[in-house]
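Chemist: First the structure, then my questions, so here it is.
Nothing in this text is a laboratory measurement; each read-out follows from the coordinates by a stated rule. What you are looking at is a predicted structure, and each value in this text was computed from that prediction instead of being measured. We place every Cβ from the backbone using ideal geometry, glycine too, and count neighbours over all the protein chains shown.
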Amino acid sequence: MFFFSGPFQIPAAHHPPPQQGFPTMPQPKAPPLPGQDYYNSRPYQPAPPPVSQYHGPPGPSTPSRPPEGAALHNHSMPPPPHTPPLSNSYSQHLQPRPGPYTQPPNQLTPTPSQGLVQTSVAYNSAAMTPPFPKALQSSAPPPGPAANLAMPVGGSYPPQPGHAGTSYPSLPPGYQSMQAPPSTLPTPPLTQHYPPQPQQYHQPPAGPAQLSSALSTLSLQSQTPEALLVLNLLQERNLLPAGPVPAPTPCLPQDLQKLNCSPEVFRSTLTSIPQTQSLLNKAKLPLGLLLHPFKDLSQLPVVTSSTIVRCRSCRTYINPFVSFLDQRRWKCNLCYRVNDVPEEFMYNPVSRSYGEPHKRPEVQNATIEFIAPSEYMLRPPQPAVYLFLLDVSHNAVETGYLDVVCQSLLENLNSLPGDTRTKIGLITFDSMIHFYNLQDGLSQPQMLIVSDLEDIFLPTPDSLLVNLSESKELVRDLLKSLPQMFTKTMETHSALGPALQAAFKLMSPTGGRVTVFQTQLPTLGVGALKSREDPNQRASAKDVQHLSPATDFYKKLALDCSGQQVAVDLFMLSAQYCDLATLGCISRYSAGSVYFYPSYHTEHNPAQTERFQKDLKRYLTRKIGFEAVMRIRCTKGLSIHTFHGNFFVRSTDLLSLPNVNPDAGFAVQMSIEENLVDMQVVSFQAALLYTSSKGERRIRVHTMCLPVVNSMSDIFAGADVQAITCLLASMAVDRSVTASLSDARDAVTNAAIDSLVSYRSSVLTIQQPGLLAPACLCLFPLYILALLKQRAFRTGTSTRLDDRVFAMYQLKYQPLSYLMLMIHPALYRLDDLTDEGALNINDRTIPQPRALQLSVEKLSRDGAFLMDTGSDLYLWVGKSCNPTFLNQVLGVQNYANVPLNQNQLPELDTAESARTRAFIGWIREQRPFYPVLHLIRDESPMKSSFMQNMIEDRTESALSYYEFLLHVQQQVSK
Ligand SMILES: [Zn+2]
């Protein structure tokens, strides 16, 4: 049994000084910007009634369908009288941040009443570039008052008055010396080793040296007729490709494109960059980047080099798109400064030859990782530190989650990324905070209870976070006993806020990762919340309230955490409303992640339990980077104006990421500040500096090169419809929070309309009737309709507020490939799988059924269909399903025996079973998190979740795809 020494009270004299409050600086509200009323110029009008040529889905084979002929509910969303100024709730105010080892300065923090909307004013100079394409018509925006408020950007921070001696370098001290000119550094011995994978450097030595000659042919190749093929969307009913929609290939000379960054890591909404902002405005397409910077890669060239070659002027890392003037000089592709080639760089360790700097791996790989030599560090990189914060209230214990977490931790304790320095700690909380002394040498863990929630202190600060290898047995003991310790609890309260404060205090000296498991609304101490959801409003066709946080406590604490290199991940397991809009801030601003398991119960909800177990395993064992920053640089003339994802914006191009994980995606919006007239290509470089779990400082660099074009047809030909959709989704989330949901819905609809208007007027030479789109954008209206029907943005369908908010979080930080499945799931027929066109991977045959349109028209009663939404797989079985499938795959005699709730397929020794399981297994292997399978038949409770994804069909509250096309056409022809 544990030694209970609580309630633990320490004399007042030992209390730490009260925490300094947050000095607030008045932040005037941003006045509306001139020229922004254009958002209202195209209200979303109801579509015309269905026309006769549209064959509605119902038919004898249609198993289920909303009542036909149901009146189209009022779909028009008249815009509010005034659209608020654009701002990005996720882009935080500019605030001086210290490096990992300095004290946090006083912060410029919004007053609580101002909430999130105003906080963006200081940083996101909305006056510069409005987010939605339509807004881009305003050329040379007037310097609004918001711009005057903006803190100086693009360099070091000015010292804060009253904080003498504190300056805020734009990089933490640990990285600073990397910025110093190489000559000031000690010259380490020339040691370079490379992983023994010669195939990594097999690319031909094309590129830099041949850059200029290759570029001379660029203009000849700038037409891609296929992408510009004109389609009348009203006639082409099936535009989905059979397989995944490929990323467009930038129109670069082949030698150059071969060296380009993988679209899985780095993608631009426009693969051809317009020469001027006015051209971009005219195209009405958003310009932005989508990044998956820390993605698990099967091949990653890693370079240990004493000299990391960077531009002396803009600090760009040398990359495949620089040009060599001669052997001794290279020209930066971002700022055009001519730099010297360092002596060490003259030697190529791959070919073991001298004098071929352009053949170095740094110049042959658009994605590369550097291990920074120790000479570059002022202090040792932090160890991996993991703190687990567990809700042990009655509600939490009742769900049974505690067993799952403790079991998973026990199983994966040896797989936590780290080394001999790895530290671990656990805190549990209900109405009090329970700490656990795990100091090596104790015979058993010691529980220390703190009941004073007002002024949280750490009872034994040095023994709560302990060295994992030294205290492993104590940690195991604790994990084994924890689930039983609270089984009898009657404590219903939750003091999450104070528990998080305790976690912050404990983690501040080192930084690291805090993992929070919470099952209800916090009810005690700071950060206590009240339910804000009115269940009667869930299906409201009007605007949704409470998408923004109820208190800024969690955001402020997250920013404090970020300053101390602490990220907080939130696992929310709740049957009730738990105000994710507020609680999620703790992760959003500390670069953490939010996981949500609605209606979690270990016994009653096996599908959720399975998902939770698999997610935890991935979460605990995946790669992690600590004390990270990511800087995105682009060629002179381009600039970044808004970031999307979970992070803190430290300066114009620098994101603070206390933790970085391989499953996090980011998006940025860009603008063209100076004309790119003399340039044939531009480049973008994302550099992620982090400390690995083994304590190495590493820099992962991705560089993407894109052509610059000056014709509208070239811009359109390079449009990446998936990247555009994902960027618009992020922008729409911001708009929903800062303005309103209906405003966001109008904006995404207008984005599709405006771009097609622009295409019609500036690219099409021959006007024809119909709704015309270039082939590369033919899926745009479908994706926009899918967004409008997505849980985050849908109206008229009962949607729980937390479900909606969680969907919005996912839209902001999921990498593109998963995002697209969330927006537009994939549908396949499974009962007639064949080996035709199958993939062959490691002697396994994986059938590749073609993707079907999301319409009940595509279902038939005699079949079985799989829908992949990214996080869930729905296997719908038709009433007259082919008996072979029932027998050979599901192992049942007839339809009546298909179980109502099942999450597994039996492993039958039949060819059909093997094919089906191979296909589902293959889908699962391709993503880090485990999609749960739901077997669905007509009577299944999950059926509605499946049917709601039939995006092309009409529902009582939303248009069918065809109706939506008619609506778009009507607006385009105006
Ligand atoms: Zn440069």
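Chemist: If the chain between S451 and Q970 were fully stretched, how many nm would it gain, using 0.36 nm times the residue separation less the Cα-Cα distance? Could the numbers behind the result be given before it?
Modeler: Numbers: separation 519, 0.36 × 519 = 186.84 nm, distance 6.45 nm.
The S451-Q970 span can extend by a further 180.4 nm.
Chemist: Something else: Residues in segment 352-373, backbone N under 20 Å from the label point at Q257 (7 Å along the Cα-to-beta-carbon vector): list them, ranges by number please.
Modeler: Within reach of a label on Q257: 364-367.
Chemist: So, one more: Can you give the direction-averaged projected area of the convex hull of the alpha-carbon atoms in segment 385-622, in nm²?
Modeler: On the way: hull surface 51.1 nm².
It is 12.8 nm².
Chemist: Express in nm, to one decimal, how much length is gained between R800 and N675 on full extension, taking 0.36 nm for each residue of separation and deducting their alpha carbon distance. Intermediate results must be reported in sequence, preceding the final value.
Modeler: Values: separation 125, 0.36 × 125 = 45.00 nm, distance 4.65 nm.
Computed gain between R800 and N675 is 40.4 nm.
Chemist: Right, next: Where the centroid of each part is defined by its Cα atoms, how far is segment 487-546 from segment 325-384 in Å?
Modeler: A separation of 47 Å, based on Cα centres.
Chemist: Give the separation of the Cα centroids, segment 814-844 to segment 387-450, in Å.
Modeler: 39
Chemist: Would you please give the FRET efficiency between L239 and S531, computed as 1/(1 + (r/R0)^6) with r the Cβ-Cβ distance and R0 = 41 Å, to the nearest 0.05?
Modeler: About 0.40, to the nearest 0.05.
Chemist: When N is the residue count of segment 825-950, what does its C-alpha Rg come to as a fraction of 2.2 N^0.38 Å?
Modeler: Numbers: Rg = 13.5 Å, N = 126, 2.2 N^0.38 = 13.8 Å.
Cα Rg divided by the expected 2.2 N^0.38 Å: 0.98.
Chemist: Let me ask you something else. Give the shape of segment 396-475 as rounded, prolate or oblate, defined through the alpha-carbon gyration tensor: a ≥ b ≥ c are the square roots of its eigenvalues, a/c under 1.5 means rounded, and otherwise the shape is prolate if a/b is larger than b/c and oblate if not. Let's see the in-between values first.
Modeler: Details: a/c = 2.07, a/b = 1.19, b/c = 1.73.
Taking the square roots of the gyration eigenvalues as a ≥ b ≥ c, segment 396-475 is oblate.
Chemist: Also, quick follow-up: Can you give me the C-alpha center-to-center distance between segment 249-320 and segment 909-974, rounded to a whole angstrom?
Modeler: Comparing the Cα centres of segment 249-320 and segment 909-974, I get a distance of 33 Å.
Chemist: Could you list E603, E956, E857 so that the one with the fewest beta carbons within 10 Å of its beta carbon is first and the one with the most is last?
Modeler: Working: E603 8, E956 13, E857 20.
With the sparsest Cβ surroundings first, the list reads E603, E956, E857.
Chemist: Would you mind getting me the FRET efficiency between E473 and R924? Use the beta-carbon distance for r and R0 = 56 Å, nearest 0.05. Display every interim value, and only then the final one.
Modeler: Values: r = 35 Å, r/R0 = 0.63.
That gives a FRET efficiency of 0.95.
Chemist: Let me ask something else. Under the 0.36 nm per residue contour assumption, what length would be gained going from the current alpha-carbon distance of E226 and N894 to full extension?
Modeler: Details: separation 668, 0.36 × 668 = 240.48 nm, distance 4.76 nm.
Extending this stretch completely gives an extra 235.7 nm.
Chemist: Decide, for segment 813-865, between rounded, prolate and oblate: order the square roots of the alpha carbon gyration tensor eigenvalues as a ≥ b ≥ c, take rounded if a/c falls under 1.5, and otherwise choose prolate if a/b is larger than b/c, else oblate.
Modeler: Oblate shape, in that a/c is at least 1.5 and b/c is the bigger or equal ratio.
Chemist: Using Stokes-Einstein with the Kirkwood hydrodynamic radius over Cα pairs, what translational diffusion coefficient do you get for segment 304-366 at 4 °C and a viscosity of 1.567 mPa s, in µm²/s rounded to a whole number?
Modeler: So the translational diffusion coefficient is about 112 µm²/s.
Chemist: Using only the alpha-carbon atoms of segment 401-525 as identical scatterers, what base-10 log of I(q)/I(0) does the Debye formula give at q = 0.10 Å⁻¹?
Modeler: Those come out to -0.30, one per q.
Chemist: Tell me, what is the FRET efficiency for T420 and R622 to the nearest 0.05, using R0 = 30 angstrom and their Cβ-Cβ distance as r? Please report the intermediate quantities before stating the final value.
Modeler: Numbers: r = 20 Å, r/R0 = 0.68.
Using R0 = 30 Å, I get an efficiency of 0.90.
Chemist: Starting from the Cα of D403, step 7 Å toward the Cβ, then list every residue of segment 459-494 with an amide N under 15 Å from that point.
Modeler: 480-488
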